[in-house]
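Participant: One structure follows; several queries about it will come next.
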Amino acid sequence: MSEEKITAIVLAAGKGNRMNSSQKKQFMILGDRPLICHALQMFQESRVDDIILVTSAEDIDYCRTEIVEKYGYDKVSEIVSGGKERFDSVYNGLRETEGAKYVLIHDGARPFVDDDMTDRLLRAMEEYASATVAMPAKDTIKISDADGCSVSTPDRRYVWQIQTPQCFDRDMLAHAYAKMYESDHAGITDDTMVAERFGGEKTKLVYGSYENIKVTTPEDLKLAEILLVSRKKINAKK
Ligand code: CTP
Ligand code: MG
């Protein structure tokens, strides 16, 4: 497996509307550096062969000089512009991954991805063409109707919260994406949906971590600061 190329696509082309800040959330400071650096650092030190960074057209120069060159992420082989929806950004990244056997697609807004997660995903690839990190839902989940009334309660044993990274056989996902654009694709929120609906593949769920949060609203940034400090303390004790 080690000879098969693994490419990570790191997404940072969103607008961060829910963060309600003048600066885009992926470039806000977490610890001592922009949020996006944390995921890039992890992939830089991991077994992935190269990284495609996807950002808005107007941020490409900033990412090149102030992120990739400044922090020395030499595994970043391309910085490409994203699209209107998350899946458009993924597709723009995916087009740059020809020759890779596996792609790992990651939200740049999740700073606490770690090596164990990518190892679990790549192990799942021995049997599946689609896998994601996920965690069992802690709360009871309800399905509601349009009036906001509960209509059903799924059995919590089978309810998972989906995170990233998500890992795919690259050619399968590229074909599934091409098919998706030829069909109705409203409501696609992650890439496992593309693999399932348009690639006909089952997705294997492997454990992520409850700390693998997506920084979405201002509270998440505060929580991320706390998690970062506690991790530093743990590492210092080792
Ligand atoms: N993303 C992207 N291209 C888009 C939309 C999202 O690359 N057109 C990326 C974001 O930068 C983020 C990840 O996808 O790293 C997850 O999306 P989300 O947390 O929803 O970020 P935003 O879309 O930026 O935030 P919001 O939905 O609050 O506007
Ligand atoms: Mg969004």
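Participant: Only helices at least 18 Å long along their axis, Cα-based, and averaging 1.6 or more on Kyte-Doolittle count here, so list those DSSP H runs from the chain.
Facilitator: Result, helices passing both filters: zero.
Participant: Using Cα pairs under 8 angstrom and six or more residues apart, how large is the relative contact order of the chain, in percent?
Facilitator: Across the chain, relative contact order equals 22 percent.
Participant: Using a 7 Å offset from the Cα along the Cα-to-Cβ direction at both Ala186 and Glu4, what is the distance between the two label points in nm, to one decimal?
Facilitator: 3.7 nm
Participant: Show me the ranking of peptides 65-71, 149-155 by mean Cβ neighbours inside 10 Å, starting with the highest.
Facilitator: 65-71, 149-155
Participant: For a protection proxy built on the mean count of beta-carbon atoms within 10 angstrom, sort 100-107, 75-82, 39-46, 27-34 highest first, please.
Facilitator: Put in order of decreasing packing, that is 100-107, 39-46, 75-82, 27-34.
Participant: Could you tell me which of rounded, prolate or oblate describes segment 26-136, using a ≥ b ≥ c as the square roots of the eigenvalues of the alpha-carbon gyration tensor, with rounded for a/c under 1.5 and, failing that, prolate when a/b is larger than b/c and oblate otherwise?
Facilitator: Prolate, since a/c reaches 1.5 and a/b exceeds b/c.
Participant: Still on this structure: What ranking do 84-94, 159-169 get when scored by the average of other Cβ atoms within 10 Å per residue, highest first?
Facilitator: So the order, starting with the most tightly packed, is 159-169, 84-94.
Participant: Just the projected area, averaged over all directions, of the convex hull on the alpha carbon atoms of segment 158-238: how many nm²?
Facilitator: 7.8 nm²
Participant: Which lysines have a Cα lying under 25 Å from the Cα of Lys101, excluding residues fewer than 8 positions away in the same chain?
Facilitator: Lys5, Lys75, Lys179, Lys202, Lys204
Participant: Right, something else. What length, rounded to one decimal in nm, is gained on full extension from Glu85 through to Tyr62, with 0.36 nm per residue of separation minus their alpha-carbon distance? Kindly include the intermediate steps, with their values, before the conclusion.
Facilitator: On the way: separation 23, 0.36 × 23 = 8.28 nm, distance 2.14 nm.
Separation in residues times 0.36 nm, less the Cα-Cα distance, equals 6.1 nm.
Participant: Report the extension gain between Asp74 and Glu196 in nm, rounded to one decimal, defined as 0.36 nm multiplied by the number of residues separating them, less their alpha carbon distance.
Facilitator: This chain segment gains 40.6 nm when fully extended.
Participant: Still on this model: Which FRET efficiency value, to the nearest 0.05, do you get for Asp155 and Lys237 by plugging their Cβ-Cβ distance into 1/(1 + (r/R0)^6) with R0 = 45 Å?
Facilitator: For Asp155 and Lys237, the calculated efficiency is 0.70.
Participant: Further, regarding this structure: Can you give me the long-range amide H partners of Glu201? Hydrogens built in the peptide plane at 1.01 Å from N, cutoff under 5 Å, separation of 5 or more residues or another chain.
Facilitator: Hits under the 5 Å cutoff: Glu196.
Participant: When DSSP assigns beta bridges and you keep just the ones with both residues in the chain, what percent turn out antiparallel, to the nearest 5?
Facilitator: 40 percent
Participant: Between segment 112-134 and segment 184-238, what's the alpha-carbon centroid distance in Å?
Facilitator: Computed from Cα coordinates, the inter-centre distance equals 12 Å.
Participant: To continue, here is another question. Just to be sure I understand the model, the point goes 7 Å from the Cα along the line to the Cβ. What's the resulting Arg33 to Leu227 distance in nm?
Facilitator: 1.8 nm
Values quoted throughout were computed directly from the atomic coordinates according to the rules given, and no laboratory measurement underlies them. Treat the numbers as computed from the prediction; the structure is a model and nothing was measured. Backbone-built Cβ (ideal geometry, glycine too); neighbour counts: all protein chains shown.
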